[in-house]
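Novice: One structure follows; several queries about it will come next.
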Amino acid sequence: MGQAGMGKIEFHGNDYPTVGIEIELGLVDESNMALRSAYGMLAARLAGDGLSEDEGCYKPELMQSVLEINTGVCQTIAEAEHDLRTKLTAVEAATDALGLRLWWGATHPFSLWKEQRVTPNDRYLQLVNLLQEMARRLVTFGLHIHVGVDSGDKAVMICDRIMRHLPTLLALSSNSPFWEGRDTGLQSHRSKVMEGLPTAGLPTLMRNWSEYVWLVDHMIETGFINTIREIWWDVRPHHKFGTVEVRVCDMPGNLADTLGVAALVQCLVKSLSDEIDQGAYQHDCHPMMVRQNKWRAARYGNQATIVDLYSYRVGTVGAEVERLAQSIAATATDLRADGYLNRAVQLAQSTSWAQRQREILSETDDPTEVVRQLTVQSRITPPVGVQ
């Protein structure tokens, strides 16, 4: 059974649309490009370099072959960029010294999930016991973006209103075509792995904060989940941070594209928040239409055609991102995110990261080359020995 109640869940609102970015990167062995369960070794090295895990700037994930790096609470995407560049510079120095590389992709092209080691802490071990193979195969890497909002009711309303845009965000970031040495035929296999969890995927409809709290309490009291942290929806309210957390995205292939997606999310959340404040009718979109668009995004990435949930006409991801960018242009200017938002528009019109992985494999016929080339291209600092 779950915990006997968890006390009142209070939403700690923000009076500014702050942004926080969490990136999950794979740890690969530079000798063979396979995932390596090296988090403990890396954490010890970083601690020796003066970076403490306790400060929350980096932390373990379910698998020891994953490193999560978090920004602090930032006002702008530029501030988040500076934060991530500083941390990544330190992490790259540590991984270089340990014979590791950082993998910016949402699944690894050939490493097997059965060979990955679970991080030995009580929460993760309980999760594996509860979810069995559904947890053990979670060798995936995602991008999570937090944007501050002022109340719990507002957070729940934004989660509902942003749902129609989640497939577009997945299409933009799609970067997981391979699984255990196979081409899945999808551009985002990670999204399908995540949907194997009982509380992941698209969220349920919630009308206000009270209904969300009731739902969480009910799931804990009936033993379905142990804590609120076991809700992994594609978007969710985060009561402690006072944010809407968008979790649908694959890990893009470099920092610049990561920041472009984050800018789009920050501007979208702020724009929806302003609409709610000004008074706007919520047009319900049919959940099956959102699911259809999410499947199209997972299958075809930024080459998907998606259904407009107002007109029910089919259009391209590129056209939708351009339309979105125009509709939130004033918000982007207010948030000083214009240049980053332009990057998201370019990303929609470029070769997707999933397709780039496929092209390298086609050219080299060697899955280790996919990892080797992309781990070099994604670096913040020059590779060792390169000036």
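The values are calculated or read from the model by the stated rules, or taken from the named source; none is laboratory data. These numbers come from a predicted model, not from an experiment. Backbone-built Cβ (ideal geometry, glycine too); neighbour counts: all protein chains shown.
Novice: Inside the stretch 144-159, can you point out the residues that are buried (at least 22 other Cβ atoms within 10 Å of the Cβ) and assigned to a loop (DSSP other than H, G, I, E, B)?
Specialist: Across the stretch 144-159, the qualifying residue is only 149.
Novice: Keeping to the stretch 170-186, report how many residues are farther than 26 Å from residue 343 by Cα and in a loop (DSSP other than H, G, I, E, B).
Specialist: The number of residues fulfilling the criteria is 4.
Novice: Let me ask something else about it. Of a type in the set (A, V, I, L, M, F, W, C), out of contact with any Lys or Arg (no Cβ under 6 Å at 6 or more places or on another chain), in contact (Cβ under 8 Å) with a residue 12 or more places away in the chain and buried (at least 16 other Cβ atoms within 10 Å of the Cβ), is that true of residue 306?
Specialist: Against the criterion (of a type in the set (A, V, I, L, M, F, W, C), out of contact with any Lys or Arg (no Cβ under 6 Å at 6 or more places or on another chain), in contact (Cβ under 8 Å) with a residue 12 or more places away in the chain and buried (at least 16 other Cβ atoms within 10 Å of the Cβ)), residue 306 does not qualify.
Novice: Now a separate question. What pairs come up if the first residue lies in the stretch 78-101 and is touching a residue at least 60 places away in the same chain (Cβ under 8 Å) and closer than 28 Å to residue 263 by Cα, the second is of a type in the set (Val, Ile, Thr) and assigned to a helix (DSSP H, G or I), and their beta carbons are under 6 Å apart, counting only those six or more places apart or on different chains?
Specialist: Qualifying pairs under 6 Å: 101/375.
Novice: Name the single residue that is surrounded by the most Cβ atoms within 10 Å (Cβ to Cβ) among those in the stretch 236-273 being among the charged types (D, E, K, R) and out of contact with any helix residue (DSSP H, G or I) (no Cβ under 7 Å at 6 or more places or on another chain).
Specialist: That would be 247.
Novice: Within the stretch 327-335, is even one residue surrounded by 15 or more Cβ atoms within 10 Å (Cβ to Cβ), polar (S, T, N, Q) and under 25 Å from residue 81 (Cα atoms)?
Specialist: Yes, the stretch 327-335 contains a residue that is surrounded by 15 or more Cβ atoms within 10 Å (Cβ to Cβ), polar (S, T, N, Q) and under 25 Å from residue 81 (Cα atoms).
Novice: What number goes with the only condition from (1) outside any strand (DSSP E or B); (2) over 30 Å from residue 132 (Cβ atoms) that residue 21 does not pass?
Specialist: (1)
Novice: Conditions first: (1) out of contact with any Asp or Glu (no Cβ under 7 Å at 6 or more places or on another chain); (2) at pLDDT below 90; (3) closer than 16 Å to residue 140 by Cα. Residue 25 passes all but one, so which condition is the exception?
Specialist: Residue 25 satisfies all of (1) out of contact with any Asp or Glu (no Cβ under 7 Å at 6 or more places or on another chain); (2) at pLDDT below 90; (3) closer than 16 Å to residue 140 by Cα except (2).
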